[in-house]
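In what follows, a single structure is set out as structure tokens and then discussed.
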Amino acid sequence: MMSEEARTRVEFDEHGKRTTYDEIEVGKDLGSLEWVVGGNDIEKQCAIDEDFHPWFALDSEWNGVIAPPQIQYRPPRWLLSRTYNIRGVFYRWDFENLKPIRPGEKITITGRILDKWIDRDREFMSYEAEGRDAGGELVFRTTRVHALDVVERTAPRKGAGQDSGIKQEKI
Amino acid sequence: MAIIGKDTPVGTELPVFARRFRNEMFAMGDIKTIHNDDAAAQREGLPRAVAVGPQVAALIFRMMRCCFEEGWIVGGRVALTFRRPVWSNDFATAHGVIKGKEVESDKVRVVCDVWVERGDGEKAIVGTCSALVPGA
């Protein structure tokens, strides 16, 4: 079921013009972002996911509190959103946990656009990112795919959206 | 202590994890998003507000963490496809079943088929997750 209003794809949202398929540059370096997880971030992530464990609040065998690994979802998304305003819907999420994520530790996130393609009349794009600690060791790596729109690509891009791919950079 | 080990048979079902989502869980002050406002979702072509995908997937991660503990935190791997939306007031259930094992240096990687079902039984997220257990 799709509303009549949504027979168009969104062209503008609260943060400006949406990125179009043609504007996405395969291979583009997304730059880097420095991320430090705060203790409150861990508490918030646990609450959001209803994922509680003493490791995330008290102590762990890695000598101190660690974060639930899925806390790494947002920073690569922020990195993408610094270059492209993509809302759409999340389609694929691959990642690997290589080291625990600790509060107060600086993690440098880098990423690049991997690919873009059209399937079933929808536009898709993929990007990869990795996070490294201050010693340069890999903490996590991830690959994501977004569909640019729920609506078919043959629908005109002229609608006004409220939501945006650009979010506040906080957990 | 992890409840899955190297001798746990292929075909073993992982414990089920479930939760009820509510629209208010996705509130962001007065900011209207596809996750907390039906009209905002409809502007994007969705019939109504949808839950945040990573929050739904977190049911799978919780299941994996409970089953594998340390071997999930260091060595966990995920490959998920979001096939269908989970509604922002939906009930979602994560499932998993062990589908294989691979020796990885001095450990064993246990590979699981995983999925999340919506309240209507539709599989919303499907994929594989794996984690390491001691002893090759």
I need to check one value: relative contact order of chain B, counting alpha carbon pairs closer than 8 Å and at least 6 residues apart, in percent.
30
Are any of the pairs A:Lys17/A:Lys170; A:Lys17/A:Lys116; A:Lys99/B:Lys32 more than 28 Å apart by Cα-Cα distance, and if so, which?
A:Lys99/B:Lys32
With chain A treated as a Gaussian network of Cα nodes joined by springs under 10 Å, which of A:Thr83, A:Thr154, A:Thr110 yields the largest mean-square fluctuation?
A:Thr154
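Give me the net charge for the shell around B:Pro9: Cβ to Cβ below 12 angstrom, other residues only, Lys and Arg +1, Asp and Glu -1.
Values: positive: B:Lys6, B:Lys99, B:Lys101; negative: B:Asp7, B:Glu13.
Around B:Pro9, the surrounding residues sum to +1.
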In a Gaussian network model of chain A with springs linking alpha carbons closer than 10 Å, the residue among A:Ser81, A:Ser60, A:Ser126 that fluctuates most is A:Ser60
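From the P(r) of segment A:52-129, could you give the percentage of C-alpha pairs in the tail past 14 Å? Each step should come with its number before you reach the end.
Values: 2086 of 3003 pairs.
Tail of the P(r) past 14 Å holds 69 percent of the pairs.
Rounded to the nearest whole Å², what accessible area per residue is found for chain B with the 1.4 Å probe? Please list the in-between numbers first.
On the way: 5550 Å² over 136 residues.
With the other protein chains kept in place, chain B gives 41 Å² per residue.
Got a sec? What order do A:Leu58, A:Leu114, A:Leu80 fall in by accessible area at 1.4 Å, biggest, i.e. largest, first?
Values: A:Leu58 135, A:Leu114 55, A:Leu80 0 Å².
Most to least solvent-accessible, the answer reads A:Leu58, A:Leu114, A:Leu80.
Over the alpha-carbon set of segment B:50-134, divide Rg by the Kirkwood Rh and report the Rg/Rh ratio to two decimals.
For segment B:50-134, the value is 1.02.
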GNM of chain A, Cα pairs under 10 angstrom: of A:Ile101, A:Ile48, A:Ile113, the biggest fluctuation goes to A:Ile48
With the charge dipole of the protein assembly as shown built from beta-carbon charges (+1 for Lys and Arg, -1 for Asp and Glu) about the Cα centre, the Cα from B:Gly100, B:Met63, B:Pro134 projecting farthest to the positive end belongs to B:Gly100
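Report, in deg cm²/dmol and to the nearest 500, the calculated mean residue ellipticity at 222 nm for chain A, where each DSSP H run with n ≥ 4 adds -39500 (n - 2.57) and the sum is divided by the residue count. Don't skip to the answer; put the middle values down first.
Numbers: 2 runs with 21 residues, N = 171.
Counting only the DSSP helices, I get -3500 deg cm²/dmol.
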Which of the GluC sites (Glu not before Pro) across segment B:42-127 are loop residues per DSSP, with 15 or fewer other Cβ within 10 Å?
B:Glu122
Under a Cβ-Cβ cut-off of 9 Å, what is the net charge of the residues other than B:Ala136 that fall near it, where Lys and Arg count +1 and Asp and Glu count -1?
0
Starting from a Cα-only point model with no solvent, please compute log10 I(q)/I(0) by Debye for the protein assembly as shown at q = 0.07, 0.11 1/Å.
-0.27, -0.67
Cα to Cα, under 13 Å, and not fewer than 8 places away if on the same chain: which aspartates and glutamates meet these conditions relative to A:Lys28?
A:Asp115, A:Glu128
Considering the zone a paramagnetic label at B:Ala39 would reach in this model (a point 7 Å from Cα along the Cα-to-Cβ line), which residues of segment A:4-38 have amide N under 16 Å from it?
A:4-6, A:13-14
Which residues does a label at A:Lys106 reach in segment A:121-138, if reach means a backbone N under 15 Å from a point 7 Å past the Cα toward the Cβ?
A:132-137
I want to check the label-to-label distance for B:Glu104 and A:Phe52. Put each point 7 Å from Cα in the C-beta direction and report it in nm to one decimal.
3.0
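Rounded, prolate or oblate: which one fits chain A, using the alpha carbon gyration tensor with axes a ≥ b ≥ c (rounded when a/c is under 1.5, else prolate when a/b beats b/c, else oblate)? Don't jump to the answer; show the numbers that get you there.
On the way: a/c = 2.49, a/b = 1.90, b/c = 1.31.
The shape class here is prolate.
Find how much the distance from B:Asn23 to B:Val111 grows on full extension, using 0.36 nm per residue of separation minus their present alpha carbon separation; answer in nm with one decimal.
28.3 nm
The values are calculated or read from the model by the stated rules, or taken from the named source; none is laboratory data. It should be emphasised that the depicted structure is a prediction, and the values quoted were computed from it without experimental measurement. Virtual Cβ from ideal backbone geometry, glycine too; neighbours counted across all protein chains shown. We work out accessible area using only protein heavy atoms, side chains counted, and drop any ligands, DNA or RNA first. Shrake-Rupley method; radii C 1.70, N 1.55, O 1.52, S 1.80 Å.
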